[in-house]
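Have a look at the structure below, then the notes.
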Amino acid sequence: MGERMRAVTGVLAGFIAMLLGVMIATAIAVNAMVPGGVTGAPTPPYLVVNLFYSFGFAALGGWVAVRVGKSGTITPAAVLAAMMLLLASISALSAAAAGQPPWYSWMLVIIGPGGAMLGGKIALSKR
C-alpha cells in the first residue's frame, strides 16, 4: 500500500475508532444520566461526562490515525483534527436548534481537534 493510501486509511480508521467509542459511551451515559433517555433533556453532569469521554476518544482517534497511517508524522492526526474542527463547528452553529447549550457545543470544537492532536503526538512518541 502506498504512503498516501496508508495515511488516508489511517485517518478513516481514526475517525471510525473515535466515532464508535463516542457512540457506545454516549448510549451508556444517556441511559445512566439522562432522565427519559434519548428523549430527555441532557443534564449538566451528562454534558460534562460527555466532554471527558469525547476528548478521550478523540485522542484514541488521533493515535489510531498515526499508527495506521505509518507516515512517521503527525499529518494523519492533523487531518483528522481538521475534519473534527469542521464537523464540530457546523454542529455548534446549529446547536441552538438541537437544544444544546452553546458552551457545550463550542467546547467540542476545542477538545475534539485537541484530543486528536494529543493522541497523534502520543503515537509518535511510542515509535
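Looking for whichever is touching a residue at least 24 places away in the same chain (Cβ under 8 Å) and in contact with a Pro (Cβ under 8 Å, 6 or more places away or on another chain) here; the options are Gly56, Gly72, Gly21, Gly14. Which one fits?
After applying the criteria, what remains is Gly14.
Which of the residues spanning segment 1-45 are among the polar types (S, T, N, Q) and more than 17 Å from Gly115 (Cβ to Cβ)?
Thr9, Asn31, Thr39, Thr43
Give segment 77-98 a look and list any residue that's in contact with a Ser or Thr (Cβ under 9 Å, 6 or more places away or on another chain) and either hydrophobic (A, V, I, L, M, F, W, C) or buried (at least 18 other Cβ atoms within 10 Å of the Cβ) (or both), or say none.
Those that are in contact with a Ser or Thr (Cβ under 9 Å, 6 or more places away or on another chain) and either hydrophobic (A, V, I, L, M, F, W, C) or buried (at least 18 other Cβ atoms within 10 Å of the Cβ) (or both): Ala88, Ala92, Leu93, Ala95, Ala96, Ala98.
What residue, of Ala32, Ala81, is closer than 23 Å to Val109 by Cα and at pLDDT 90 or above? Walk me through how you get there before you give the answer.
Details: Ala32 fails: closer than 23 Å to Val109 by Cα.
So the residue among Ala32, Ala81 that is closer than 23 Å to Val109 by Cα and at pLDDT 90 or above is Ala81.
Somewhere in segment 15-28, is a residue among the aromatic types (Phe, Trp, Tyr) and either touching a strand residue (DSSP E or B) at 6+ places or on another chain (Cβ under 8 Å) or at pLDDT below 95 (or both)?
No, that holds for no residue.
For segment 110-127, enumerate the residues that are free of Cβ contacts under 8 Å to residues at least 40 places away in the same chain and part of a loop (DSSP other than H, G, I, E, B).
The answer is Lys126, and nothing else.
Looking for something closer than 21 Å to Thr9 by Cα, outside any helix (DSSP H, G or I) and in contact with a Lys or Arg (Cβ under 6 Å, 6 or more places away or on another chain) - is there at least one such residue anywhere in segment 74-84? Break it down stepwise before answering.
From segment 74-84, those closer than 21 Å to Thr9 by Cα are 74-84; that's our starting set.
Within this subset, residues satisfying the condition of being outside any helix (DSSP H, G or I) are 74.
Pick out the ones that are also in contact with a Lys or Arg (Cβ under 6 Å, 6 or more places away or on another chain) and you get none.
No, segment 74-84 contains no residue that is closer than 21 Å to Thr9 by Cα, outside any helix (DSSP H, G or I) and in contact with a Lys or Arg (Cβ under 6 Å, 6 or more places away or on another chain).
May I ask you to say which residue of Ala41, Ala32, Ala17 is in a helix (DSSP H, G or I) and over 17 Å from the mean Cα position of the chain (by Cα)?
After applying the criteria, what remains is Ala32.
The values are calculated or read from the model by the stated rules, or taken from the named source; none is laboratory data. Here the structure is a predicted model, which means the values were calculated and not measured. Virtual Cβ from ideal backbone geometry, glycine too; neighbours counted across all protein chains shown.
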